[in-house]
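In what follows, a single structure is set out as structure tokens and then discussed.
Values in this text are rule-based calculations from the coordinates and carry no lab data. In this text, all values refer to a predicted model and were calculated from it rather than measured experimentally. Glycine gets a Cβ as well: all are built from the backbone with ideal geometry, and neighbour counts include every protein chain shown.
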Ligand SMILES: Nc1ncnc2c1ncn2[C@@H]1O[C@H](COP(=O)(O)OP(=O)(O)OP(=O)(O)O)[C@@H](O)[C@H]1O
Ligand SMILES: [Mg+2]
């Protein structure tokens, strides 16, 4: 496959068949009463990997982390860490630290005592603890709050204390359950990069739950998209975005246009799809045979919108009217309504300050996209 | 234009004036609401307390009531003043002269303290178990703790006589399983008093402990274990410190009434036990010395003011921290 996105990563142990995964979930299920929170899930995570779990609320992300940390026992399946089965090993003997979604800060201890708690437990010398605590306070920018109690902090500050406390021990595996959700955008971005640096410098393995796609994209080596206790796709951010394996993943990450149709012809990897009101000619059709029902997924920014009709109305073009425009500064979102009522979402980068022929509401508009701009999905 | 603006400014001011009228009534009503408990305290605590203080400053007399002076409406202000000048601290001096009283106070405080510790030792595991029990079971367990209150306190203490006496249930059991060849002497000893106090005051210990343990977030224990604590270490570093407000509340709720306890030492402790409650009782009923027994009561209250104030401060702090 041609490289996707613009980033070439040198770190890709998952592509190396000889590499041994560090954390393995083997057909793990977790059932609460009659509710299956995690459903026959298998996952391999490599040493030094920054792994993100992305999924809707209630899909079992926290449960997965809690099983790895030792607070829930898998109903079925097993979890291996560095080749060792974790079953029966209590949380306090696992080389894993977790940042709780609810923070779980000790209310009777000051910020610094909270951060130092795990280190004291380890029996680290006092001077070293003090040094580490200062370092952690700097990481989360809470130097001025060291003596405060958790109830004297804001929500975002508490979240940072929880983060610092879990990072302080520098465990081999760090599980972060929504580590940055309560922070404002600027602080979140700064902390993201600092977390990435920390992970790089110390060679830790991170498993991070997040609701924020951008955050998952920014930080992680690979992302797992979860739905109803199952993993839908595990891949690099670029692959997830450019080559989703299902409509669910395509729709979950970013925004997407899905054209439904049937495969009319196939030649090698190329395919022609007859959709309603649009014929799609693509060079990366999946292995769907002729006659199969498929969906063609195209991201908004891959679609060109023009005020003038193309010379030939070939495949991958359609005519419609401008339905909605949103100017975002760096780009403009233009929604184009096709004659059958479907709305195609596009986003146009504002490369020029002055636009010759700006589009406006109810203008005729033609959309077009290149042969390789989308993917064919069969489910 | 400017005039309009000025008017616009004035309008809300006159508006607030009207609101103030309503606010006045509201303020009076809210004061009244606060006044109710104060009035209650005044009527049923402060007034009786001053009567006791007054009696403690009087002299015994063979009369009804058995002390002088007695204030009557017919005396008039000058008569009242003459009465006030009769007041003396003789009864308090008397308390310092007989070692009996001092010993009774000290014994009472020691017995109450030991009982409080014992109640805590028994009550903590009960409260902990209740707080950890499945949600559906907790109301039943709470009910079981409160259930003894449905029977008269006196009857329950009497029942202990039947259990503890030499030929009582406990000794029969111990003898029949062959643990002892002689019946144990428990009744009429301090042990019996401890048993009685621990039994009677257990709910006062368990309930506040349960309240503080129950609201504790289990993820704190998980976090402690995650950071390397064994379950035991997590208990001592997290659970116990966080339940301290409950421990303090429970301990004081047991300690304060236990110091002045009369029924339990009287029924279970036998004649030789020296607790201030019994001393007070015998001064009052056996000796008919109301002034001295009132002085005993006032001193007892003064001894207990310190822990009561500490209790209130601890409650306020717990509320502060709980916010
Ligand atoms: N102890 C439990 N008993 C019963 N059901 C549970 C328990 N813990 C979790 N669940 C259920 O399992 C499902 C998955 O929960 P989980 O906390 O893993 O979700 P999540 O993906 O972390 O969601 P969020 O993003 O909202 O944090 C939820 O439907 C939840 O109600
Ligand atoms: Mg969660």
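Distance from the C-alpha centroid of the stretch A:142-201 to that of the stretch A:297-324: 45 Å, rounded to the whole angstrom. Across the stretch A:255-377, Cα pairs under 8 Å and at least six residues apart give a relative contact order of 30 percent. Going 7 Å from the Cα of residue A:308 along its beta-carbon direction, which residues of the stretch A:338-379 have the amide nitrogen within less than 11 Å of the resulting point? Inside the label zone: A:357.
So if each residue of separation counts as 0.36 nm, and I subtract the Cα-Cα distance between residue B:93 and residue B:114, what length gain in nm does that give? Working it through step by step, the gained length comes to 4.6 nm. Hydrodynamic radius of the protein assembly as shown by the Kirkwood approach over all distinct alpha-carbon pairs: 33.4 Å.
Length available on full extension from residue A:170 to residue A:264: 0.36 nm per residue minus the Cα-Cα distance, which gives 28.3 nm.
Quotient of the Cα radius of gyration of the stretch B:99-173 and 2.2 N^0.38 Å, N being its number of residues: 1.52. Expressed in Å, the radius of gyration and Dmax of the Cα atoms of the stretch B:45-127 are 20.0, 63. Based on Cα atoms of the stretch A:227-270, Rg over Rh with Rh as the Kirkwood radius reads 1.04. The value for the stretch B:22-84 of Rg(Cα) / (2.2 N^0.38 Å) is 1.73.
What value in Å³ per residue do you get for the convex hull of the alpha-carbon atoms in chain A?
Expressed per residue, the convex hull around the Cα atoms of chain A is 183 Å³.
Please report the equivalent ellipsoid semi-axes of chain B, computed as sqrt(5 x eigenvalue) of the Cα gyration tensor, largest first, in whole Å.
Each semi-axis is the square root of five times an eigenvalue, giving 45, 40, 17 Å.
Of the peptides B:212-219, B:76-83, the ranking by mean beta-carbon count within 10 Å, highest at the top, reads B:212-219, B:76-83.
Counted by neighbouring Cβ atoms within 10 Å, the residues A:94, B:138, B:132 run from fewest to most as B:132, B:138, A:94.
Across peptide B:225-238, the average count of Cβ atoms from other chains found within 10 Å of a residue's Cβ is 6.
If you average the sequence gap of Cα pairs under 8 Å that are 6 or more apart and divide by the length of the stretch A:13-247, what percent do you get for the contact order?
Taking the mean separation of contacting Cα pairs over the length of the stretch A:13-247, I get 27 percent.
Considering just Cα atoms, how many Å³ per residue does the convex hull of the stretch A:255-377 enclose?
Details: hull volume 12.4 nm³, N = 123.
Dividing the Cα hull volume of the stretch A:255-377 by its residue count gives 101 Å³.
If R0 is 25 Å, the Cβ-Cβ spacing of residue A:12 and residue A:122 corresponds to a FRET efficiency of close to 0.15.
Let me make sure I get this right: for the stretch A:240-314, a, b and c are the square roots of the gyration tensor eigenvalues over alpha carbons, sorted descending. Under 1.5 in a/c it's rounded, otherwise prolate if a/b > b/c, else oblate. Which is it? Oblate shape, in that a/c is at least 1.5 and b/c is the bigger or equal ratio.
In Å³ and rounded to a whole number, note down the convex hull volume per residue for the Cα atoms of the stretch B:147-298.
166 Å³
For the segment B:212-222, counting C-beta atoms of other chains within 10 Å of every residue's C-beta and taking the mean gives 3. Relative contact order for the stretch B:118-202: 31 percent, from Cα pairs under 8 Å spaced at least 6 residues apart, divided by residue count. Spatially, the stretch A:59-92 and the stretch B:139-184 are offset by 48 Å when compared through their Cα centroids.
Based on the Cβ-Cβ distance of residue A:130 and residue A:301, what FRET efficiency does E = 1/(1 + (r/R0)^6) give at R0 = 30 Å, to the nearest 0.05?
Calculated transfer efficiency: 0.05.
Stretched out straight at 0.36 nm per residue, the stretch from residue A:321 to residue A:80 would grow longer than its current Cα-Cα span by 81.2 nm.
Quick one: go through the stretch B:88-119 and flag any residue whose amide nitrogen is under 15 Å from the point 7 Å out along the Cα-to-Cβ line of residue B:63. Residues B:88 fall inside that zone. Between helix A:111-122 and chain A there is an angle of about 70 degrees, using the helix long axis and the longest principal axis of the Cα atoms.
May I ask you to derive the FRET efficiency for residue B:211 and residue B:102 from their Cβ-Cβ distance with R0 = 56 Å, giving the value to the nearest 0.05? The computed FRET efficiency comes out at 0.90. Between residue A:350 and residue A:147, the distance separating the two model label sites (each 7 Å from Cα on the Cα→Cβ line) works out to 4.9 nm.
Peptide A:104-111 has a mean of 5 when you count, residue by residue, the C-beta atoms of other protein chains within 10 Å of its C-beta.
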